[in-house]
Each structure stands twice: as C-alpha cells, then as structure tokens.
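Only one structure is covered here, and it is reproduced in the block below.
The values are calculated or read from the model by the stated rules, or taken from the named source; none is laboratory data. Keep in mind that this is a model prediction, so the values were computed, not measured. When we count neighbours, we look across all protein chains shown, and the Cβ atoms used for this are built from the backbone with ideal geometry, even at glycine.
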Amino acid sequence: MSKQILILPGDGIGPEIVAEARKVLEKVNRLMGLDLTFSEALLGGCATDVAGKPLPDETLEKARSSDAILMGSVGGPKWDKIERSLRPEQGLLQLRSGLELFANLRPALLYPQLAAASSLKPEIVSGLDIMIVRELTGGIYFGKPRGIHTLENGEREGFNTYRYAEHEIKRIGRVAFEMAQKRNKKLCSVDKANVLEVTVLWREVMSELASDYPDVELSHMYVDNAAMQLVRAPKQFDVIVTGNMFGDILSDAAAMLTGSIGMLPSASLNGSGLGLYEPCHGSAPDIAGQGIANPLATILSAAMMLRYSLACPEAAERIERAVGDVLDSGMRTADIYSEGCRKVSTAEMGDAVVAALA
Ligand code: IPM
Ligand code: MG
C-alpha cells in the first residue's frame with residue numbers, strides 16, 4: 001500500500017532545504033520501489049499569511065492521515081511582532097502537541113570528514129555519536145498556568161509552569177531506555193533535581209524504570225553540569241534523556257559539536273509510530289533565498305523518517321551512506337566549509353546526494 005508523506009516546507013530556508021530532501025526521497029522511491037506519495041501543506045508564518053493561523057485545520061487533518069511528515073523550518077522576523085498565538089512557532093508547537101509527538105530523537109553524530117569544522121579539537125569530537133531523547137509535549141513549554149499579567153502595583157509579571165505527570169516521564173523514559181538498549185547501553189538522565197521538585201520526580205521515575213532495563217547503565221546529571229560536560233568531554237555520553245526545555249538547549253550545543261547545526265536531523269514520534277521529521281536548526285532568515293543553506297540535516301531527517309515511520313531501514317542507510325560519500329568527495333556548503341574543500345550551493349549538495357544514491 002502506498003505511504004503518504006506530508007511535506008511542510010515552512011518559512012525562511014525551509015522551502016529550499018525541503019526541496020532537496022524531496023529530490024532524495026523521490027530518487028530512493030524510484031530506485032527501491034517504496035511506493036511513497038507526497039503532498040504539501042502550510043505551516044508557520046506562511047500559513048498565518050495565507051490562512052490566518054500558523055497551523056491551519058487542513059494541515060492538522062492532513063498530518064493526522066499521513067504516514068509521516070517532513071518539515072523544513074518555521075519562523076522569521078516578519079512575524080516577530082504579531083500576536084503570540086499567530087506566531088509561526090506556535091504552529092509547530094500545536095502540531096507536536098496535536099499529534100502527541102512526545103518523543104524527540106536528536107542524534108549528534110560527527111561525520112569524520114567534518115572533524116575540522118567543529119569548534120572543538122578533533123580529538124575531543126572524533127567518533128562522537130550521541131542520541132538526545134527530548135520530551136516534546138510537556139514540561140515548561142506547555143505547563144499551565146502561563147501568561148503575562150499585571151500585578152496590583154501596576155507592574156507586569158510573566159509566569160510559566162514547569163510540570164510533568166508521572167506517565168509523561170515514564171513514556172519518554174521507556175523510549176530512552178529502549179534506545180540505549182539498541183546502542184551502547186548507557187543512559188544519562190539530565191535534570192535539575194537540586195532545585196526543581198518537578199525534576200526530583202523525574203529522577204525518581206527514571207530510577208524506578210531502571211529495574212526494567214537491567215542491561216542499561218543509568219546515571220543522572222544536573223543540566224548545568226551536562227552543558228559543561230558536553231563541551232568538555234562529549235564522548236562520555238551515549239543516550240541522554242531530558243525534559244523539553246533542557247533538551248532544546250542541550251541539543252543545540254550538541255549539534256555544534258558535529259561541526260554545524262546544519263547537519264543535525266530529528267524525529268518526533270508519538271506512541272503509534274507517526275512521526276514528524278525536521279532539521280534541528282531554525283529558519284535562518286538571514287540566509288533565506290540565497291541558495292547557500294545546508295540541506296543535509298533535512299536529508300538526514302528524511303532518512304530517519306524511512307527508518308522510524310516507514311519501516312525502510314535499508315533506504316535510510318542508503319541515504320546516510322550517500323551523504324557520507326558526498327562529504328568524502330569534498331563538497332561542502334558554506335556552514336561546513338574548510339580549506340581545500342569545494343563550496344557548493346544548497347541545490348548542488350542535494351543533487352550530489354541524489355547522484356550518490358545510484
Ligand atoms: C526546536 C526549536 C523549537 C523548540 C522552536 C522553533 C519552537 O527551537 O525544535 O528546537 O523550541 O522546540
Ligand atoms: Mg531549539
């Protein structure tokens with residue numbers, strides 16, 4: 001039966017990078033007879049412009065009836081000043097929450113060819129292979145009450161609520177333990193249990209779960225230390241599990257270890273295998289429309305989609321190998337360029353991956 005892929009190009013560099021990932025998917029589709037079909041919908045600022053809100057009902061409906069979703073990026077200065085609920089990021093958050101995509105997988109893998117592009121010394125990052133498992137539909141991003149109100153003295157006060165129910169911690173914990181079982185069997189749970197009660201509970205629940213996974217070595221780390229350890233000795237980590245906001249922050253730091261945030265894909269999964277796949281980087285409005293953005297994070301997200309939602313691991317590996325081959329050939333977009341390499345455009349990079357698939 002044909003598999004429906006919904007494509008959400010979004011804003012900024014989104015349309016440019018998604019176009020390259022689509023080329024790659026169409027090629028593996030033809031080469032391997034995967035029976036994928038594609039449709040597109042609006043999400044983000046472009047949706048607010050056309051449909052009056054960042055997640056139009058039609059997009060959510062289409063997303064619900066798809067087998068997998070590939071997204072570019074949302075946001076940009078054009079929409080920074082409009083009412084909060086209409087901002088592009090809200091569309092993405094509503095989509096994650098509407099589809100209950102609670103498990104966000106963010107692999108930080110250093111391609112050996114890019115060791116020189118990392119801001120850290122090659123010996124610190126070479127061989128780096130970390131998987132960050134970020135809770136995505138709870139925590140302070142969604143906790144209520146929230147808002148900005150005016151106090152009796154006339155001063156404004158902003159507030160958010162950091163809360164996790166036990167079942168939310170358990171389900172992300174299980175994803176992380178199972179991920180660790182498939183990898184090097186080391187799981188580090190990151191919290192701020194020295195200050196925040198919600199993460200005292202987080203730590204307790206993770207520790208309770210550990211007895212179901214005796215083959216996994218569980219450790220705990222405070223988030224400030226984890227940020228420091230990520231840049232000091234990142235190879236100590238295998239799988240990291242953490243809440244929504246800490247995961248947002250740590251995954252950007254981890255991305256940079258790999259040379260460029262332009263290399264980092266992600267998967268956001270719900271309990272039934274439906275997934276949203278997107279690069280970890282944003283919409284990069286400063287370089288949008290110039291044809292210089294790195295499409296590899298989106299292409300690698302498409303590979304994750306084939307692996308986690310479409311049960312085509314061979315196709316995923318084929319794309320990942322093709323990316324490796326293209327890097328071997330010395331082609332680089334500006335963000336990962338180093339001396340002696342050949343600087344290429346977004347489309348040239350996409351075409352090179354397509355050619356390397358054959
Ligand atoms: C991410 C982004 C989003 C987040 C924004 C765009 C809402 O930073 O996917 O990491 O904070 O989750
Ligand atoms: Mg982020």
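Checking each residue in region 172-215 for being in contact (Cβ under 8 Å) with a residue 40 or more places away in the chain, basic (Lys, Arg) and under 16 Å from Gly243 (Cβ atoms) picks out only Lys192.
Annotation: of all residues in region 98-115 being under 17 Å from Ala41 (Cβ atoms) and more than 16 Å from ligand 2 (Cβ to nearest atom), the one that is surrounded by the most Cβ atoms within 10 Å (Cβ to Cβ) is Leu99.
Conditions (1) touching a Leu at 6+ places or on another chain (Cβ under 9 Å); (2) away from ligand 1 (no atom under 14 Å from the Cβ); (3) of a type in the set (Asp, Glu), marked per residue:
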| site | (1), (2), (3) |
| --- | --- |
| Ile261 | no, no, no |
| Glu278 | yes, no, yes |
| Gly289 | no, yes, no |
| Asn294 | no, yes, no |
| Thr298 | yes, no, no |
| Met304 | yes, yes, no |
| Ala316 | yes, yes, no |
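Taking each residue of region 243-270 that is closer than 24 Å to Ala63 by Cβ and of a type in the set (A, V, I, L, M, F, W, C) and looking for partners that are in a loop (DSSP other than H, G, I, E, B) and near ligand 1 (Cβ under 10 Å from one of its atoms) with beta-carbon atoms closer than 8 Å, six or more apart or interchain, yields Leu264/Cys280; Leu264/His281. Of the residues making up region 242-252, those that are touching a helix residue (DSSP H, G or I) at 6+ places or on another chain (Cβ under 7 Å) and crowded, with 22+ Cβ neighbours inside 10 Å are Thr242, Gly243, Asn244, Phe246, Leu250. Assessment of region 202-214 against the conditions (within 16 Å of ligand 1 (Cβ to nearest atom), in the same structural domain as Arg134 (by TED's automatic domain parsing) and among the polar types (S, T, N, Q)) yields no matching residue.
Among the residues of region 227-241, those identified as away from ligand 2 (no atom under 16 Å from the Cβ) and either surrounded by 22 or more Cβ atoms within 10 Å (Cβ to Cβ) or part of a helix (DSSP H, G or I) (or both) are Met228, Gln229, Val231, Arg232, Pro234, Lys235, Gln236, Phe237, Val239, Val241.
Within region 109-116, does at least one residue satisfy the condition of being of a type in the set (Phe, Trp, Tyr) and within 30 Å of Gly324 (Cβ to Cβ)? The answer is yes; a qualifying residue exists.
Applying the set (1) farther than 24 Å from Arg342 by Cβ; (2) more than 16 Å from ligand 1 (Cβ to nearest atom); (3) among the aromatic types (Phe, Trp, Tyr) to Tyr111 leaves exactly one unmet item: (1). Of the residues in region 82-97, not one is within 16 Å of ligand 2 (Cβ to nearest atom), assigned by TED's automatic domain parsing to the domain that holds Leu269 and on the phi > 0 side of the Ramachandran plot.
The one condition from (1) out of contact with any strand residue (DSSP E or B) (no Cβ under 8 Å at 6 or more places or on another chain); (2) among the polar types (S, T, N, Q); (3) within 16 Å of ligand 2 (Cβ to nearest atom) that Asn244 does not meet is (1).
For the residues Arg342, Arg318, the requirement of being at pLDDT 95 or above, under 14 Å from Leu300 (Cβ atoms) and charged (D, E, K, R) singles out Arg318. Tell me yes or no: at least one residue of region 141-161 is in the same structural domain as Leu209 (by TED's automatic domain parsing), within 30 Å of Asp11 (Cβ to Cβ) and touching a residue at least 60 places away in the same chain (Cβ under 8 Å). There is at least one residue in region 141-161 that is in the same structural domain as Leu209 (by TED's automatic domain parsing), within 30 Å of Asp11 (Cβ to Cβ) and touching a residue at least 60 places away in the same chain (Cβ under 8 Å). Of the strands (runs of 3 or more DSSP E) that lie entirely inside region 123-187, those containing 3 or more residues that are surrounded by fewer than 19 Cβ atoms within 10 Å (Cβ to Cβ) and more than 16 Å from ligand 2 (Cβ to nearest atom) span 147-150, 156-159.
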